[in-house]
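Comments concern the structure below.
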Amino acid sequence: MSNPAHRRSVITGIGVVAPNGTGTGAFWKQTQEGVSVLDRVTREGCENLPLRVAGEVRDFDPVASVEERYLVQTDRFTHYAMAAADLALDDARLGRADYEDTPFKVGVVTAAGSGGGEFGQRELERLWGQGPRFVGPYQSIAWFYAASTGQISIRGGFKGPCAVVASDEAGGLDALMHAARSVRGGTDALVVGAAEAPLAPYSVVCQLGYEDLSACDEPTRAYRPFTADACGFVPAEGGAMLVVEEETAARGRGARVRAEIAGHCATFTGAGRWEQSRQGLARAVEGALREAGCAPEEIDVVFADALGVPAADRAEAGALADALGAHGRRVPVTAPKTGIGRAYCGAPVLDVSAAVLAMEHGLIPPTPNVFEVCHDLDLVTVRARPAQLRTALVLSRGLMGSNSALVLRRPTDTPD
Amino acid sequence: MPDRLTYEELAALMKSGAGLTVDASEMESSPGSAFEEYGLDSLGLLGIVAALENRYGRPLPADADRCKTPGEFLDLVNTTLTGV
């Protein structure tokens, strides 16, 4: 094995199942056009709950995307993850023939914030409605945070290091860090990311306790971070899976290297302590830059966490100023998630996907539904902004107090 | 006394409980093929045992969920049900 320090992690495949589209083609078209798909919640049993607006995945046919056995044996969050993993593997042109002789060189990492709430609710209803003998055995694995990692691993025959990051939103970025660490340790490829399915009655009721959840019933007004109208966040379902490979192995098999995972850092400042998240997020940015060997001025675009809670937005703007200095007020910042909502752990992985696509297209997607910015930030609004992008910074914070930052770079052999 | 469990019923239980589409006549013609070959794992068989116990209102032997093949499983279930 080569020197671990020389084993760089690169993204070679992207698979998206998002409220604004399945597959990177549909996702990028809607994202760069700044289309908002936030809408009234329509899921059965959720219509009369106080959560009015969410980002539902509607352009997804589970029957066409995953085998029937997984429809019966796993939860919706796993259906999304399996479908996204397939899309990512296709995108990376990584097939069984590439790894059937070296299955221990390919691993799986997912992040999960809540597991399979819809499946779990159905089985718990059987428990209390009919009795314990009517609870199906697949409940033992389907609800579980690790379900998607396990099913993707078994289905694909990936026998390398497998893990699940059970965390809040920032876990999506931490999963990528975990994958990069596996690559340094000798793994050649990982299927990594997160997809969530929090829009079922039990899951929604659990979220109603979050004081940062938007109670607004107007889809265009419910999620407006960095404005004076900020009134909380809108949840979403879906997410993204990526194929991350050791760079030499990827190039050796002729894969298209789309971006390098150059640096990452995570900190923790406690649930709901948004003022303190300023320092935590700034430290995460500084740590990620240090690992990437990247000066603040090299950051060409920031994909913000953009919670939509005034204290949290203020802390994020402050963190950028603290960590990037004067560049923090000049660098273009965007938050495309205002058009689709926050898919918990899936949200930052969708942002990483958008960041890679933005670098490839030389176009910073806008922040839908946001117009009057009340912080000292160059937030990209209304329409996409052309820009030469070599380095992107992706930020994520979680409701439970995690802060995470990830630096992505275009591969050095990419022409401008 | 309930009727004997048939291969058709077993195939239907594999479909509803584990999402597997299995040809009953194929299973009947090679009863010694392992459940594994049809994609049924141990959790899937456990679910079928529970469904049958609920249907018949009586327990199956403790080792029912350890049967390896459809033939073995049907023999055990039908022996229990008919007392033969």
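The values are calculated or read from the model by the stated rules, or taken from the named source; none is laboratory data. Values in this document were obtained by computation on a predicted structure and should not be read as measured data. Cβ placement follows ideal geometry from the backbone for every residue including glycine, while neighbour counts extend to all protein chains displayed.
If you take the residues of the stretch B:19-40 that are surrounded by 19 or more Cβ atoms within 10 Å (Cβ to Cβ) and part of a helix (DSSP H, G or I), which of them is farthest from the other protein chains (Cβ to nearest Cβ)?
B:M27
For the stretch B:61-78, what are the residues that are part of a loop (DSSP other than H, G, I, E, B) and modelled with pLDDT of 95 or more?
If the condition is that a residue be part of a loop (DSSP other than H, G, I, E, B) and modelled with pLDDT of 95 or more, then B:C67, B:K68, B:T69 are the ones that fit.
When you check B:T82 against the structure, is it at pLDDT below 95 and more than 14 Å from chain A (Cβ to nearest Cβ), yes or no?
yes
Filter the stretch A:142-156 for residues that are free of Cβ contacts under 8 Å to residues at least 60 places away in the same chain, surrounded by fewer than 20 Cβ atoms within 10 Å (Cβ to Cβ) and within 14 Å of chain B (Cβ to nearest Cβ); which is nearest to the chain's Cα centre (by Cα)?
Among those that are free of Cβ contacts under 8 Å to residues at least 60 places away in the same chain, surrounded by fewer than 20 Cβ atoms within 10 Å (Cβ to Cβ) and within 14 Å of chain B (Cβ to nearest Cβ), it is A:G150.
Looking at (1) under 27 Å from A:R253 (Cβ atoms); (2) outside any helix (DSSP H, G or I); (3) within 14 Å of another protein chain (Cβ to nearest Cβ), can you tell me which one A:T110 breaks?
(3) is the only condition that A:T110 fails.
Just checking, does the stretch A:329-349 include any residue being in a loop (DSSP other than H, G, I, E, B), over 23 Å from A:G238 (Cβ atoms) and of a type in the set (G, A, S)?
No, the conditions are met nowhere in the stretch A:329-349.
Of the conditions (1) part of a helix (DSSP H, G or I); (2) surrounded by fewer than 19 Cβ atoms within 10 Å (Cβ to Cβ); (3) more than 12 Å from chain A (Cβ to nearest Cβ); (4) small (G, A, S), B:S16 satisfies every one except a single condition; which number is it?
(3)
If A:T74 passes every condition in (1) within 14 Å of another protein chain (Cβ to nearest Cβ); (2) in contact with a Pro (Cβ under 8 Å, 6 or more places away or on another chain) but one, which one does it miss?
Result: A:T74 fails condition (2) only.
Taking A:F134 as the residue in question, decide whether it is within 14 Å of chain B (Cβ to nearest Cβ) and either under 28 Å from A:A355 (Cα atoms) or aromatic (F, W, Y) (or both).
In short, yes.
Tally time: how many residues in the stretch A:320-339 are surrounded by fewer than 24 Cβ atoms within 10 Å (Cβ to Cβ), in contact with a Pro (Cβ under 7 Å, 6 or more places away or on another chain) and of a type outside the set (A, V, I, L, M)?
2
Condition first: of a type in the set (A, V, I, L, M, F, W, C), assigned to a helix (DSSP H, G or I) and farther than 18 Å from A:G172 by Cα. Now tell me which residues in the stretch A:243-298 satisfy that.
A:A249, A:A250, A:W274, A:A282, A:L289, A:A292
Can you find, within the stretch B:32-60, the residue that is modelled with the lowest pLDDT among those that are in contact with a Pro (Cβ under 7 Å, 6 or more places away or on another chain) and closer than 14 Å to B:L5 by Cα?
B:Y56
So which residues in the stretch A:47-67 are more than 14 Å from chain B (Cβ to nearest Cβ) and either more than 24 Å from the chain's Cα centre (by Cα) or farther than 29 Å from A:Q151 by Cβ (or both)?
If the condition is that a residue be more than 14 Å from chain B (Cβ to nearest Cβ) and either more than 24 Å from the chain's Cα centre (by Cα) or farther than 29 Å from A:Q151 by Cβ (or both), then A:E47, A:N48, A:L49, A:P50, A:R52, A:V53 are the ones that fit.
So in the stretch A:254-277, with the set limited to residues that are more than 22 Å from A:R290 (Cα to Cα) and small (G, A, S), which one is modelled with the lowest pLDDT?
Once the filter is applied, the top-ranked residue is A:G272.
Is there a residue in the stretch A:312-322 that is in a loop (DSSP other than H, G, I, E, B) and out of contact with any Gly (no Cβ under 7 Å at 6 or more places or on another chain)?
no
Taking the stated definitions as given, is B:L43 within 12 Å of another protein chain (Cβ to nearest Cβ) and crowded, with 20+ Cβ neighbours inside 10 Å?
No, not satisfied.
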